[in-house]
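K.L.:
Please see the structure below; I have some questions.
We did not get these values from a lab; they are worked out from the coordinates using the rules stated. Just so it is clear, the structure is predicted and the values come from calculations on it, not from any experiment. Here Cβ is always computed from backbone atoms with ideal geometry, including for glycine, and neighbour counts include all displayed protein chains.
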Amino acid sequence: MIEIQNLTKRFGPVAAVSDLSLTIRPGEVLGFLGPNGAGKSTTMKMATGYLAPDQGTVRICGHDIVSDTIAAQQRLGYLPEGAPAYGEMTPREFLHFIAGVRNLKGAAARTATERAIAGAELKAVLDQPIETLSKGFRRRVGLAQAILHDPEVLVLDEPTDGLDPNQKHAVRGLIRGMAKDKTIVISTHLLEEVEAICTRAVIIDQGRIVADATPAELAARSANGRLDEVFRQLTTRDTAMTGAAA
Amino acid sequence: MSLLWPVFKREFKSYFATPLAFVFIVIFLFAMGAFTFYLGHFYDNGVADLSVFFGYHPWLYLFLVPALAMRLWAEERRSGTMELLLTLPIPLWATVLGKFLAAWAFAGLALILTFPIWITVNYLGSPDNGVILASYIGSFLMAGAYLSIGACVSSATSNQVIAFIISVVACFLFTISGAPLVLDAFRSWAPLPLVEAVSSFSFLMHFSAITSGVIDLRDVIFFFSLIGLFLYANMLIVDLRKSG
């Protein structure tokens, strides 16, 4: 469960996220959509405790991310934008480090690591330094790191970016498989991905929610029944206005 | 406390993942040897002690320790792993301390590898090994103090070169704060107690007190409180930058 209330973040005069409220329940896979710079990543950074909000609160399974950070982060798996990882480590060492930090020991650590490796299909590259891996494999290392401790809440920033169609299919299968009892948020630019795995789609533009519905409902709003049409309608109008104002 | 260990281990190992560890240790040992034997005229002095050797430590640390510390936080910021590190459920103090201790342990390792010079001096004569042990401890404490300054500066930037240069300057000021160069700048306007306070921050003064063979609790407390102060500042900087 993620409860976001009146979340606001400004960078100088620009409001990256303004007064955003959103509750995501277990069993939901929420697709977080929006043009570049709409505030998707900033919202995720605040929800996971990397950035402090200017206003508003985020609670992860009831734990406030600002005042009860560690408890909230223990329940959270997070794939940051660009899937950062320590390049000099191999996936095996890296996941071992994550298991240690997640307080998993002995058999529990082994089981969790093996499950994450299988889930993200990393077996082939386990002992190569992460910096030598392809973009797709790096993304999967980040994904394995996020799901290692079987968290209640998953926040994935562009989990399929840089993957080939087969890998995308596999990662979507993985997310769908975990969806039953978890709260999952994914940000993406791929509208077909939202239709494929999300139970709910939220479109944000200039830090505000402009649409919140199931992918099918959203698609039905356009004349041709396509999600990308709705996306364009909802997010270009504001851009046009900004252009006129400037 | 248990989360400090994985942070420490990862950081310590990362020194050895690149040629950094090797290059650092080789240059450290080579410079120590060169300073002691050529600049310090170790043989000509005809005295079996290591005061010449330890006398060069502050000056060598001045450049080498910031090189060791500059990557601690700046690299995490640059490569984006900072976001990963700060969203893992590790208390911030454990991250800060774990990283610092890893760098300190590495510096300690380099220091231990200077043992051949201790063997040499024992072969040549009969030095006071108590003084030498005290000096090693003092040198290690001083390296920790330099490192805490470097770690703190590194946490404020994503540029390792900037981190290095600012650390060197900050370390230099702490090294010579008892020297006329610094004190004269204060003497003209500051009240005497402040001038004395500034001069008491001198690493050279505290270090040479220890290398004379007496480990005075006040000198030990000085180095530890300085480390504590800069690591606390390090924590504040990391926390502050969360607010964007």
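K.L.:
5 Å is the cut-off here: which amide hydrogens, built 1.01 Å from N in the peptide plane, fall below it relative to A:A16, excluding neighbours closer than 5 in sequence?
P.N.:
Under 5 Å from the amide H of A:A16: A:K9, A:R10, A:F11.
K.L.:
Just in the stretch A:128-232: which trypsin sites (Lys or Arg not before Pro) are loop by DSSP and have at most 13 other Cβ atoms within 10 Å?
P.N.:
A:K180
K.L.:
Right, something else. Among A:L190, A:S222, A:T236, which residue has its Cα furthest toward the positive end of the charge dipole of the protein assembly as shown, with +1 on Lys/Arg Cβ and -1 on Asp/Glu Cβ?
P.N.:
It is A:S222.
K.L.:
Using 1/(1 + (r/R0)^6) with R0 = 25 angstrom and r between the beta carbons of A:D212 and A:T236, what's the FRET efficiency to the nearest 0.05?
P.N.:
Rounded to the nearest 0.05, the efficiency is 0.85.
K.L.:
For peptide A:68-76, compute the average count of partner chain beta-carbon atoms within 10 Å of each residue's beta-carbon.
P.N.:
That works out to 3 on average.
K.L.:
How many angstrom lie between the Cα centre of the stretch A:124-202 and the Cα centre of the stretch B:185-234?
P.N.:
52
K.L.:
Sticking with this structure for a sec: At a Cα cut-off below 26 Å, give the lysines reachable from A:K168, other chains included and same-chain residues fewer than 8 away excluded.
P.N.:
Reachable lysines: A:K40, A:K45, A:K123, A:K135, A:K180, A:K182.
K.L.:
Return, ordered by residue number, the residues of the stretch A:143-168 whose backbone nitrogen is under 19 Å from a label point located 7 Å along Cα→Cβ of A:H189.
P.N.:
A:156-168, by backbone N distance to the label point.
K.L.:
Quote the Stokes-Einstein diffusion coefficient, in whole µm² s⁻¹, for the stretch A:81-150, based on the Kirkwood radius over alpha carbon pairs, a temperature of 37 °C and a viscosity of 0.692 mPa s. Please report the intermediate quantities before stating the final value.
P.N.:
Values: Rh = 11.6 Å.
The diffusion coefficient I find is 282 µm²/s.
K.L.:
What per residue convex hull volume, in Å³, comes out for chain B when only alpha-carbon positions are used?
P.N.:
Per residue, the Cα convex hull of chain B comes to 144 Å³.
K.L.:
For each of B:W93, B:W189, count neighbouring Cβ atoms within 10 Å of the residue's Cβ, then give the residues from fewest to most.
P.N.:
With the fewest neighbours first, B:W93, B:W189 line up as B:W189, B:W93.
K.L.:
OK, next. Among the trypsin sites (Lys or Arg not before Pro) in the stretch B:47-101, which ones are in a DSSP loop with at most 13 other Cβ atoms within 10 Å of the Cβ? Mind listing them?
P.N.:
Sparse-neighbourhood loop trypsin sites (Lys or Arg not before Pro): none present.
K.L.:
Amide H to amide H, which residues 5 or more places from A:G77 or on other chains are under 5 Å from it, using H placed in the peptide plane?
P.N.:
Result for A:G77 returns A:V153, A:L154, A:V155.
K.L.:
Output ³J(HN,Hα) for the stretch B:225-233: one whole-Hz value per residue in order, computed from phi by the Karplus curve 6.51 cos²θ - 1.76 cosθ + 1.60 with θ = phi - 60°, and x for Gly and Pro.
P.N.:
Per residue, the Karplus-derived 3J(HN,Hα) values read 6, 5, 4, x, 4, 6, 6, 5, 4 Hz.
K.L.:
Just to confirm a number: summing +1 for Lys and Arg and -1 for Asp and Glu over residues other than B:L84 whose beta-carbon lies under 12 angstrom from that of B:L84, what do you get? It would help to have the intermediate numbers written out before the result.
P.N.:
Details: positive: A:K45, B:R10, B:R77; negative: A:E81, A:D157, B:E76, B:E83.
Net charge in that neighbourhood comes out at -1.
K.L.:
Something else about it: Test of understanding: ordering A:C61, B:C152 by Cβ neighbours within 10 Å, fewest first, what list do you get?
P.N.:
Fewest-to-most ranking of A:C61, B:C152: A:C61, B:C152.
K.L.:
Taking neighbour Cβ counts within 10 Å as the exposure measure, how do A:S67, B:S155, B:S208 sort from fewest upward? The partial results should precede the final answer.
P.N.:
Details: A:S67 10, B:S155 28, B:S208 18.
If I rank by nearby Cβ atoms, fewest first, I get A:S67, B:S208, B:S155.
K.L.:
Give me the dipole magnitude in Debye, nearest 20, for the protein assembly as shown about the Cα centre, with unit charges on the beta carbon: positive for Lys and Arg, negative for Asp and Glu.
P.N.:
780
K.L.:
Mind giving me the nanometre distance, one decimal, between the label points for A:R221 and B:I112, set 7 Å out from Cα along Cα→Cβ?
P.N.:
My value for the distance between the label points is 6.4 nm.
K.L.:
Among B:L194, B:L50, B:L92, which one shows the highest mean-square fluctuation when chain B is modelled as a Gaussian network with alpha-carbon springs under 10 Å?
P.N.:
B:L194
K.L.:
Under a crude label model (7 Å from the Cα following the beta-carbon direction), how far is B:S188 from A:D150 in nanometres?
P.N.:
Result: 7.1 nm between the two label points.
K.L.:
Between B:S126 and B:W59, take the C-beta separation as r, use R0 = 22 Å, and let me know the FRET efficiency to the nearest 0.05.
P.N.:
Here the calculated transfer efficiency is 0.20.
K.L.:
Which ³J(HN,Hα) values in Hz, rounded to whole numbers, follow from the phi angles of the stretch B:30-41 under the Karplus curve 6.51 cos²θ - 1.76 cosθ + 1.60, where θ = phi - 60° and Gly and Pro get x?
P.N.:
5, 5, 4, x, 4, 4, 5, 7, 8, 5, x, 6
K.L.:
Taking +1 at the Cβ of each Lys and Arg and -1 at the Cβ of each Asp and Glu, which of A:Y50, A:A72, A:V14 sits farthest along the dipole of the stretch A:1-124 towards its positive end, judged by Cα position relative to the Cα centre?
P.N.:
The listed residue farthest towards the positive side: A:A72.
K.L.:
Which whole-number percent gives the relative contact order of the stretch A:81-150, counting Cα pairs below 8 Å spaced six or more residues apart?
P.N.:
Numbers: 78 pairs, mean separation 35.0, N = 70.
Once normalised by length, the contact order is 50 percent.
K.L.:
Return the loop-located trypsin sites (Lys or Arg not before Pro) in the stretch A:26-133 (DSSP other than H, G, I, E, B) with at most 15 other Cβ atoms within 10 Å of their own Cβ; answer none if there are none.
P.N.:
A:K105
K.L.:
Using a 10 Å cut-off around each Cβ of peptide B:75-81, what is the average number of partner chain Cβ atoms that fall inside?
P.N.:
If you average over the peptide's residues, the count of other-chain Cβ atoms is 3.
K.L.:
Computed FRET efficiency, Cβ-Cβ of B:S243 and B:T18, R0 51 Å: what is it to the nearest 0.05?
P.N.:
0.95
K.L.:
When N counts the residues of the protein assembly as shown, how does its alpha-carbon radius of gyration compare numerically with 2.2 N^0.38 Å, as a ratio?
P.N.:
The value comes to 1.18.
K.L.:
Additional query: Name the long-range amide H neighbours of A:A211: under 5 Å, sequence gap of 5 or more, or other chain; modelled H, no Pro or chain starts.
P.N.:
A:I203
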